[in-house]
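The values are calculated or read from the model by the stated rules, or taken from the named source; none is laboratory data. Computed from a prediction, not measured in an experiment: that's the story for all the values here. Note that we place each Cβ from the backbone using ideal geometry, even for glycine, and neighbour counts take in every protein chain shown. Areas reflect the complete protein model, heavy atoms only, side chains present, ligands, DNA and RNA absent. Shrake-Rupley method; radii C 1.70, N 1.55, O 1.52, S 1.80 Å.
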Amino acid sequence: MRASEDQLRIWMIGGLDGDSGAYTALLNALVPMLRSFFGRRLRGAADDVEDLVQETMMAIHTRRGTYDRDRAFSAWAYAVARYKMIDHFRRTRTRTTVPIEGLEDILVAEGFEAATSARMDVDTLLAELSPKQARVIRETRIEGLSVAEAAERGAISESDVKVSVHRGLAALAKRLKGGT
């Protein structure tokens, strides 16, 4: 039986607050969800599916501090899984095409409707910032790169990344609070 979105969120928040039982329940519930997610995309590659499940579980564990308690948990978890799958395809140089027919049904079934809407909202907000601020916020706050990784990727200093993130987030906060 698949856990509800509310239950997953409760377990995640409990885990973040130090409840090891809740965190264990969350991890146990995630394994079949992730197997299903990767299995539908990597048909006939059971070893790759298991590797991706494990990589995603480790990423969720190490990046759990980036989870926003006010947001849906499954959208966050599936985003982590999606990035792990992209990394896998990059490593293996596998190009996979997915037919567009039925894509909406797949996304709705997996809870991506809310994630897609949230992504569009984030993209709209980030478009109001300078390209550098938007890029480093996306890399450090959404993709989960470290400041050093974002600095290396953008060929800028770590201090520049930190300042750009700080100023960009401050501008977004002001905008969201009704300022200009």
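With a simple spin-label model that places each label point 7 Å from the Cα along the Cα-to-Cβ direction, the separation between Ala171 and Thr24 comes to 4.8 nm. Of Arg41, Arg90, Arg175, Arg69, the residue with the largest accessible area leads and the full order is Arg90, Arg175, Arg69, Arg41 (1.4 Å probe). The Cα-based radius of gyration and maximum Cα-Cα distance (Dmax) for region 1-48 are 12.8, 39 Å.
Extension gain, Glu143-Arg91: 0.36 nm per intervening residue step, less the Cα-Cα distance, totals 17.0 nm. Taking 0.36 nm per residue of sequence separation and removing the Cα-Cα distance, the Lys132/Val31 pair yields an extension gain of 32.7 nm. In plain terms, the chain from Leu16 to Asp47 could stretch by 8.1 nm, reckoned as 0.36 nm per residue minus the Cα-Cα distance.
Listed by chain and number, the lysines whose C-alpha is less than 24 Å from the C-alpha of Lys174, apart from same-chain residues fewer than 8 away, are Lys132, Lys162. Take each peptide in 20-32, 132-144, count the other Cβ atoms within 10 Å of every residue, and average; sorted highest first, the result is 132-144, 20-32.
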